[in-house]
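**Student:** Right, I'll just put the structure down here and ask away after.
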């Protein structure tokens, strides 16, 4: 039994892969990771930007598309093909788990993050274009995204809520999910089990931002040692506190009424789990957040690290009082978690939008180069055809 398999079998956590590349679909890399215990896949605009720009596996398909369609439409064709192949590859996990795992996530265009109506339309379009039960459409947890989440869940669509950075917004995401399920049931749905959702709570970025603020408050690296000692503690404490909110929300009369109709709890998914600060343990955001009904989506490097030296053990709720105490202490020294969450949400939306725009520009440049190559070859062929005639 691999350590990834042990996570699920012994502790109820589903390890997912936070990466998707076309070459991995064809060279056995993805199959190997699934054999090791990976039970789902997440993607985002940055992941696809790296995959499409960093290899030539997409060139033939892209070359065949661009004469007849726009560059952006061609991008979606490239991505949808990868997602469909990954969905098919993970379908056996979805079936064996009774719809509990085997999901692949695809994000709506990042430019829609603050447009609820457009996000709803995009979510519907992706679910209809990729009509597979193990697809999760990713919707950012912006204020506008909350409306879209509730609406899409209310239509019986499965959603990965992404870019959650704080407890207050996480509570709002849970409310949007439960309200959406109630609307779906009110519409006449008797069986709610086909609706799945995860709430992607970002982790490492919280430490990056809070540590920066702590250093300012402390007066620099040589400043207040007690304050500096709080670095690297905010992200895990906040995620562990979020887990307490999860267990409380998915219990009681309101939830029981939905569960009686087959509703599934919206599992917290720990995202951004690679360690950004080299001074911290490379598995800080994995080993510290293991527990039932959770997902940890890991970049491939973190997956390999966990397989090598991870420690499977239930940790996410081992010391619930300690997590709350850390958050309280951080607030006492001046950390405003609401402002941290807002800052990180804005940065996250902007970062994905930038990756998307850069990828579209890269594809536009590639399309222009393909056009130049075609013209060059046509010119060469014409010249070659004239020479034999002239010689004869």
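**Student:** So how many residues does region 192-209 have that are assigned to a loop (DSSP other than H, G, I, E, B), under 29 Å from residue 278 (Cα atoms) and over 18 Å from the mean Cα position of the chain (by Cα)?
**Tutor:** 0
**Student:** Give the residue that is surrounded by the most Cβ atoms within 10 Å (Cβ to Cβ), with candidates limited to residues of region 25-55 that are within 25 Å of residue 348 (Cβ to Cβ) and free of Cβ contacts under 8 Å to residues at least 40 places away in the same chain.
**Tutor:** 51
**Student:** Still on this structure, please answer the following. Identify all residues within region 306-353 that are part of a helix (DSSP H, G or I), in contact with a helix residue (DSSP H, G or I) (Cβ under 7 Å, 6 or more places away or on another chain) and within 21 Å of residue 292 (Cα to Cα); write none if there are none.
**Tutor:** 306, 307, 320, 323, 324 - these are the residues of region 306-353 that are part of a helix (DSSP H, G or I), in contact with a helix residue (DSSP H, G or I) (Cβ under 7 Å, 6 or more places away or on another chain) and within 21 Å of residue 292 (Cα to Cα).
**Student:** Right, next: Could you grab me the full set of residues in region 108-148 that are part of a strand (DSSP E or B) and closer than 20 Å to residue 357 by Cβ?
**Tutor:** Listed by number, the residues that qualify are 138, 139, 140.
**Student:** Could you pull out the residue among 237, 265, 249, 259 that is within 22 Å of residue 161 (Cα to Cα) and buried (at least 22 other Cβ atoms within 10 Å of the Cβ)? I'd like the intermediate steps shown before the answer.
**Tutor:** On the way: 265 fails: buried (at least 22 other Cβ atoms within 10 Å of the Cβ); 249 fails: buried (at least 22 other Cβ atoms within 10 Å of the Cβ); 259 fails: buried (at least 22 other Cβ atoms within 10 Å of the Cβ).
Going through 237, 265, 249, 259 in turn, the sole match is 237.
**Student:** For region 155-191, how many residues are surrounded by fewer than 20 Cβ atoms within 10 Å (Cβ to Cβ) and assigned to a loop (DSSP other than H, G, I, E, B)?
**Tutor:** Within region 155-191, residues that are surrounded by fewer than 20 Cβ atoms within 10 Å (Cβ to Cβ) and assigned to a loop (DSSP other than H, G, I, E, B) number 7.
**Student:** Can you confirm whether region 72-92 contains a residue that is free of Cβ contacts under 8 Å to residues at least 12 places away in the same chain, more than 22 Å from residue 295 (Cβ to Cβ), surrounded by fewer than 16 Cβ atoms within 10 Å (Cβ to Cβ) and out of contact with any strand residue (DSSP E or B) (no Cβ under 8 Å at 6 or more places or on another chain)?
**Tutor:** Yes.
**Student:** Let me ask something additional. Looking at (1) part of a helix (DSSP H, G or I); (2) without any contact (Cβ under 8 Å) to a residue 40 or more places away in the chain; (3) surrounded by fewer than 20 Cβ atoms within 10 Å (Cβ to Cβ), which is the one condition that is false for residue 68?
**Tutor:** Going through the list (1) part of a helix (DSSP H, G or I); (2) without any contact (Cβ under 8 Å) to a residue 40 or more places away in the chain; (3) surrounded by fewer than 20 Cβ atoms within 10 Å (Cβ to Cβ), residue 68 breaks only (1).
**Student:** Also: Go through region 11-60 and give me each residue that's touching a helix residue (DSSP H, G or I) at 6+ places or on another chain (Cβ under 9 Å), assigned to a loop (DSSP other than H, G, I, E, B) and over 22 Å from residue 109 (Cβ atoms).
**Tutor:** Correct list: 37, 38, 39, 55, 57.
Throughout, read-outs are computed from the coordinates displayed, never taken from laboratory work. Source: prediction; values computed, not measured. Heads up, the Cβs are rebuilt from the backbone with ideal geometry, glycines too, and the neighbour counts pull from every protein chain shown.
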